[in-house]
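Student: The structure's right below; bear with me while I get my questions together.
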Amino acid sequence: MKQTIIAIICFLCLSSSYIQAQKINHPSLLYTPQRIQQVKQRMQNEPKLQEAWESIKQTADAALQKNDFNKLDYLALAYLMTKDKSYANSIKEILLKAVKAETWGDKEMLARIPVWRSHLGLAHKSFLCAMSYDAAYDILSSSEKKEIAQGLKRLALEPALGDWLLEPTRIHSLNSMGHNWWTSCVCQGGLLAMSLQNEIPEAREWVEQLHESLPEWFDFAGDVLQQKAKSFDEVGGMYESLNYANFGIQEALLFRIAWINTHPGQSAGDIPQLSKLPNYFSQVCYPRTGMLHSLNFGDSHKNVSAESSMMLLYALGIKDPVILWYISQVEQGQHRDGYFLNRPMGFLYTPDLSKAPAIPQLPTSQLFSDFGWATMRNSWEKDATMLAVKSGHTWNHSHADANSFIIFHKGVDIIKDGGNCWYPNPAYRNYFFQSQAHNVVLFNGEGQPREQQYSGSTLRGYLYHLLDAGNVKYVLANGTGPVSNNFSRNFRHFLWMDDVIYMIDDLKTHKVGRFEWLWHTNGTYKKSGVDVNVTNGNSSVVIRPLYPRLLAKSDFVHDYPEDLYWEEIQAPTEDLKGTETYYSFHLPAEVNRVKGLTAIILKDTPDEKDLPQMERREGQDWIGLRIRHKGKVTDLYINQLADGRLMHSNSWIMPDGWMTDAYMFAVSYPEGTEAKDATDFFICYGSALRRDKETYFSSLAKLFVIQKEEDKKLNLWIDGQPKINASFRSKKKPVRVEVNNKRIPVVYKQPQLSIKLVDLVISQNFTS
């Protein structure tokens, strides 16, 4: 009997210890004692942090006078920094008053069927309450803790987690709402649950359920029936536009950090997408003199940045120097939701930027094939040139902009996106979301169907075959799916050679009609003969349509009835305070098949006169250009037979003595030499290039290739098939060969160099 009693006592003691172990110490979520101590130490040597603290304290003092619920995070930080109980008492008073509310629901959401009890506003309130309750915990009595906890459970915990996560009340799925709303509502509810778990025993289970569910949000693969995109690209990044991608990720990371802080010694588990995010956020940004800009495809703005997510990733242990570089590019206060130094999270989580690299060690091009974005730039220096292309899904925050593009040049988005505005405004549905607000081709005045905003694009767009060889870059956009109601082909090739971006449109429609090219520019627009000059400060480009026709040479367009004529169209500005002009180039003829070729010349200065000379050339079954500039000649050929019009017949052409089945190819050589001696080639979708019975390139399957020869080194960039067995002409055996920036063994039998790739990975290991 005695042993039994002892055993019971031991069990009770162990149970008590286990229960106690489940309790958390306050504060322990985000404003931790460690963070407080670190920032106090840094303030001694970093004047900007001292200034930021003074600003935060001023905000907290003002909130103290008003008992301002919306500044609970400032009051919480002020208390933890100073231990002045007046801040904690203000928190107590605010929370005790707040929990007496009947509901925190939104009228519009509460009117839905079924009722939506939670929304983004409630999520934000949950965050404020979690931070402040965690901070002021030690000054609350047991009865006050109980009253506040039960009130917050009723007003926030049960609505947020009940609507989004818990059975049997959950009404949302990842398929319908698995974007930024899910992480915001669930993860901020999760933060609140963590803060209350000493008083709400079931909150512990809810926290763990959320923790286990979070990787499922990152891994969501999309679905067919609702035509919803995969959330994350294989190489990082989220399809929702930078604005909402950063917000949704940020909300998830806040919960993950707090979970780690409240579960010391426990593994948080792996979320592979996290390590890829620094590259994504960096690849879609544009460093410039002044405020950092970012791509504003979809519902985003140029001034939006991702420094909040970057800070949280760094805090999670992803010590990528790229993160430090990125944060150092962001101006304080540049956008509404940033983690800036004079805000609590920015104050505590901005890392030491003294070791931030001047230039990030990143590739100058990136393809996000899963959600259809690509970026290419000539350098990571500020105010460089960047081309961004979009052709993916259309749904929700992703606009009807398949095959659209943006060009940043000399610090300005000189060819820009039409933008975005507040969703309830009719201009959002009638203009900003529509194809007309983007740099695309319309047919009979139509772009993508309006219904795609809400129902999605049944057939999405795609990007393929990105190659980056420095002065030559290429990517293919296929926007046929989203406009398949009118188009059977809507391909757009971007070939960037030296200081010119050539845009080749391959278009075919189900019936004859009229094509028009849209241009949204950011600067003064001046037509000069067949050219259009766009200038903004030191940034200047020339838009030069070359095929199917030139622009009419003068304003007397009736004198040029077959040439392109232009139309100026008024549209609302992003701020809705006025209007701006965009331009449409119309082809007068009614046709159902068109090849469009436009040169976008990147000028070094607005006054630059030494521009590339371009000669239009045509032959049997091909069109092209001869480009002369700075001692170099480039011949560009576009095969008119290789665009799908022939099913089983071959597409061989013989331009200027060459023989090829390539869709397009370019040959570059010094002025005064002959094309047959060229060593620099671009081949787009070709299996061979021959001349005078000599093979310059051969592959059983059609490939995309850039070839450059320097001294005794041969550089190749190849894409197109998983298994490649190709040969290239080289007069002499190269000392070094690189394929896709990787060195490979030299396999040479004059005059052919053999290349074998398996799954686009070099088949043999080679150590340089």
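Student: Can you name every residue in segment 160-179 that is in a helix (DSSP H, G or I) and not charged (D, E, K, R)?
Tutor: Within segment 160-179, Ala160, Leu161, Gly162, Trp164, Leu174, Asn175, Ser176, Met177 meet the criteria.
Student: If we scan segment 222-238, do we find a residue that is in a helix (DSSP H, G or I), outside the structural domain of Tyr462 (by TED's automatic domain parsing) and either among the small types (Gly, Ala, Ser) or buried (at least 22 other Cβ atoms within 10 Å of the Cβ) (or both)?
Tutor: no
Student: Test each condition in (1) surrounded by 24 or more Cβ atoms within 10 Å (Cβ to Cβ); (2) part of a helix (DSSP H, G or I) for Asn296 and report the one that comes out false.
Tutor: Going through the list (1) surrounded by 24 or more Cβ atoms within 10 Å (Cβ to Cβ); (2) part of a helix (DSSP H, G or I), Asn296 breaks only (2).
Student: Here are Asp559, Asp575, Asp531: which of them is charged (D, E, K, R) and within 26 Å of Arg288 (Cα to Cα)?
Tutor: Matching residue, one of Asp559, Asp575, Asp531: Asp575.
Student: Does Lys732 count as over 39 Å from the mean Cα position of the chain (by Cα) and at pLDDT below 95?
Tutor: Criteria met by Lys732.
Student: Looking at (1) over 24 Å from Leu324 (Cβ atoms); (2) buried (at least 24 other Cβ atoms within 10 Å of the Cβ), which is the only condition Tyr428 fails?
Tutor: Tyr428 satisfies all of (1) over 24 Å from Leu324 (Cβ atoms); (2) buried (at least 24 other Cβ atoms within 10 Å of the Cβ) except (2).
Student: Now a separate question. For segment 688-723, how many residues are more than 16 Å from Leu757 (Cα to Cα), in contact with a Ser or Thr (Cβ under 8 Å, 6 or more places away or on another chain) and surrounded by fewer than 22 Cβ atoms within 10 Å (Cβ to Cβ)?
Tutor: Residues in segment 688-723 being more than 16 Å from Leu757 (Cα to Cα), in contact with a Ser or Thr (Cβ under 8 Å, 6 or more places away or on another chain) and surrounded by fewer than 22 Cβ atoms within 10 Å (Cβ to Cβ): 5 in total.
Student: Then there is this: It is to be established whether one or more residues within segment 448-461 are assigned by TED's automatic domain parsing to the domain that holds Thr581, surrounded by 20 or more Cβ atoms within 10 Å (Cβ to Cβ) and farther than 22 Å from Ser176 by Cα.
Tutor: yes
Condition check ((1) hydroxyl-bearing (Ser, Thr, Tyr); (2) within 27 Å of Val512 (Cα to Cα); (3) modelled with pLDDT of 95 or more) across all residues:
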| residue | (1), (2), (3) |
| --- | --- |
| Asp563 | no, yes, yes |
| Ala571 | no, no, yes |
| Ile601 | no, no, yes |
| Glu608 | no, no, yes |
| Lys630 | no, no, yes |
| Thr634 | yes, no, yes |
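Student: Taking segment 429-448, which residues are of a type outside the set (Val, Ile, Thr), in contact with a Phe, Trp or Tyr (Cβ under 7 Å, 6 or more places away or on another chain) and over 18 Å from Leu295 (Cα atoms)?
Tutor: Phe443
Student: Condition (residue is outside the structural domain of Gly631 (by TED's automatic domain parsing), on the phi < 0 side of the Ramachandran plot, touching a Cys at 6+ places or on another chain (Cβ under 8 Å) and among the aliphatic types (A, V, I, L, M)) applied to segment 487-496: is it met by at least one residue?
Tutor: Checked against the condition, which is being outside the structural domain of Gly631 (by TED's automatic domain parsing), on the phi < 0 side of the Ramachandran plot, touching a Cys at 6+ places or on another chain (Cβ under 8 Å) and among the aliphatic types (A, V, I, L, M), segment 487-496 yields at least one hit.
Student: Scanning segment 600-625 for residues that are assigned to a strand (DSSP E or B) and out of contact with any strand residue (DSSP E or B) (no Cβ under 7 Å at 6 or more places or on another chain), which turns out farthest from Trp652 (Cα to Cα)?
Tutor: Glu618
Student: Let me ask something else about it. What pairs come up if the first residue lies in segment 556-583 and is within 20 Å of Gly529 (Cβ to Cβ), the second is assigned to a strand (DSSP E or B) and basic (Lys, Arg), and their beta carbons are under 8 Å apart, counting only those six or more places apart or on different chains?
Tutor: Trp566/Lys527
Student: May I ask you to verify whether Leu716 is farther than 30 Å from Met647 by Cβ, aliphatic (A, V, I, L, M) and in a strand (DSSP E or B)?
Tutor: yes
Student: A follow-up question, please. On the basis of being surrounded by fewer than 17 Cβ atoms within 10 Å (Cβ to Cβ), in contact (Cβ under 8 Å) with a residue 60 or more places away in the chain and charged (D, E, K, R), does Glu216 make the cut?
Tutor: no
Student: Pairs please, first residue from segment 170-183 and over 19 Å from Phe255 (Cβ atoms), second anywhere and of a type in the set (S, T, N, Q) and not in a helix (DSSP H, G or I), Cβ atoms under 9 Å, 6+ apart in sequence or on different chains.
Tutor: Note: pairs meeting the criteria are Asn175/Gln226; Ser176/Gln226.
Student: Quick check on this structure: which one of Ala149, Ala101 is under 23 Å from Pro201 (Cβ atoms) and either among the aliphatic types (A, V, I, L, M) or outside the structural domain of Glu199 (by TED's automatic domain parsing) (or both)?
Tutor: Result of the check over Ala149, Ala101: Ala149.
Student: May I ask you to verify whether Tyr339 is part of a loop (DSSP other than H, G, I, E, B) and over 26 Å from Gly470 (Cβ atoms)?
Tutor: yes
Student: Something else: Residues of segment 667-701 being part of a strand (DSSP E or B) and charged (D, E, K, R), which ones?
Tutor: Of everything in segment 667-701, those that are part of a strand (DSSP E or B) and charged (D, E, K, R) turn out to be Asp680, Arg690, Arg691, Glu694.
Student: If you don't mind, there's one more thing I want to ask. Examine segment 605-625 for a residue that is without any contact (Cβ under 8 Å) to a residue 12 or more places away in the chain, surrounded by fewer than 18 Cβ atoms within 10 Å (Cβ to Cβ) and within 30 Å of Trp422 (Cα to Cα), and state whether such a residue exists.
Tutor: Taking every residue of segment 605-625 in turn, none turns out to be without any contact (Cβ under 8 Å) to a residue 12 or more places away in the chain, surrounded by fewer than 18 Cβ atoms within 10 Å (Cβ to Cβ) and within 30 Å of Trp422 (Cα to Cα).
Student: Something else about it: Inspect all residues belonging to segment 180-192 and state whether any of them is closer than 20 Å to Ile257 by Cβ, modelled with pLDDT under 95, part of a helix (DSSP H, G or I) and of a type outside the set (A, V, I, L, M).
Tutor: yes
Student: Right, another one. For segment 634-666, which positions are in a strand (DSSP E or B) and touching a Ser or Thr at 6+ places or on another chain (Cβ under 7 Å)?
Tutor: Thr634, Asn639, Ile653, Ala666
Student: May I pose another question? Looking at Ile706, is it touching a residue at least 60 places away in the same chain (Cβ under 8 Å) and aliphatic (A, V, I, L, M)?
Tutor: Considered against the rule, which asks whether it is touching a residue at least 60 places away in the same chain (Cβ under 8 Å) and aliphatic (A, V, I, L, M), Ile706 comes out as yes.
Student: Then there's this: Looking at segment 93-118, I want the residues that are farther than 18 Å from Val186 by Cα and have a partner that is assigned to a helix (DSSP H, G or I) and aromatic (Phe, Trp, Tyr) with Cβ atoms under 8 Å, at least 6 apart or on another chain. Which pairs are those?
Tutor: Close Cβ pairs (under 8 Å, with a partner that is assigned to a helix (DSSP H, G or I) and aromatic (Phe, Trp, Tyr)) amount to Ile94/Phe69; Leu95/Tyr133; Ala98/Phe69.
Student: Can I ask one more? So, in segment 165-190, of the ones that are hydrophobic (A, V, I, L, M, F, W, C) and touching a Ser or Thr at 6+ places or on another chain (Cβ under 7 Å), which residue ends up nearest to Asp134 (Cα to Cα)?
Tutor: For segment 165-190, the residue satisfying everything is Cys185.
Student: Contact list please: Cβ distance under 9 Å, first residue in segment 248-275 and over 19 Å from Leu348 (Cα atoms), second residue buried (at least 22 other Cβ atoms within 10 Å of the Cβ) and among the hydroxyl-bearing types (Ser, Thr, Tyr), pairs at least six apart or on different chains.
Tutor: Going by the 9 Å Cβ cut-off, the qualifying pairs are Gly248/Thr183; Gly248/Ser184; Gly248/Ser231; Gln273/Ser231.
Student: Among the residues of segment 234-256, is any modelled with pLDDT under 95, touching an Asp or Glu at 6+ places or on another chain (Cβ under 6 Å), farther than 24 Å from Phe432 by Cα and not hydrophobic (A, V, I, L, M, F, W, C)?
Tutor: Yes, some residue in segment 234-256 is modelled with pLDDT under 95, touching an Asp or Glu at 6+ places or on another chain (Cβ under 6 Å), farther than 24 Å from Phe432 by Cα and not hydrophobic (A, V, I, L, M, F, W, C).
Residues are listed down the side, and each one gets a yes or a no for (1) in contact with a Lys or Arg (Cβ under 9 Å, 6 or more places away or on another chain); (2) assigned by TED's automatic domain parsing to the domain that holds Met131; (3) among the aliphatic types (A, V, I, L, M):
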{"site": "Phe297", "(1), (2), (3)": "yes, no, no"}
{"site": "Leu341", "(1), (2), (3)": "yes, no, yes"}
{"site": "Ala356", "(1), (2), (3)": "no, no, yes"}
{"site": "Met386", "(1), (2), (3)": "yes, no, yes"}
{"site": "Val389", "(1), (2), (3)": "yes, no, yes"}
{"site": "Asn403", "(1), (2), (3)": "yes, no, no"}
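Student: Which of (1) over 27 Å from Gly346 (Cβ atoms); (2) surrounded by fewer than 14 Cβ atoms within 10 Å (Cβ to Cβ) is the odd one out, the single condition Lys83 does not satisfy?
Tutor: Failing condition for Lys83: (1).
The values are calculated or read from the model by the stated rules, or taken from the named source; none is laboratory data. All figures in this text were calculated on a predicted structure; none of them were measured in a lab. Glycine also receives a Cβ, built like all others from the backbone with ideal geometry; neighbour counts cover every protein chain displayed.
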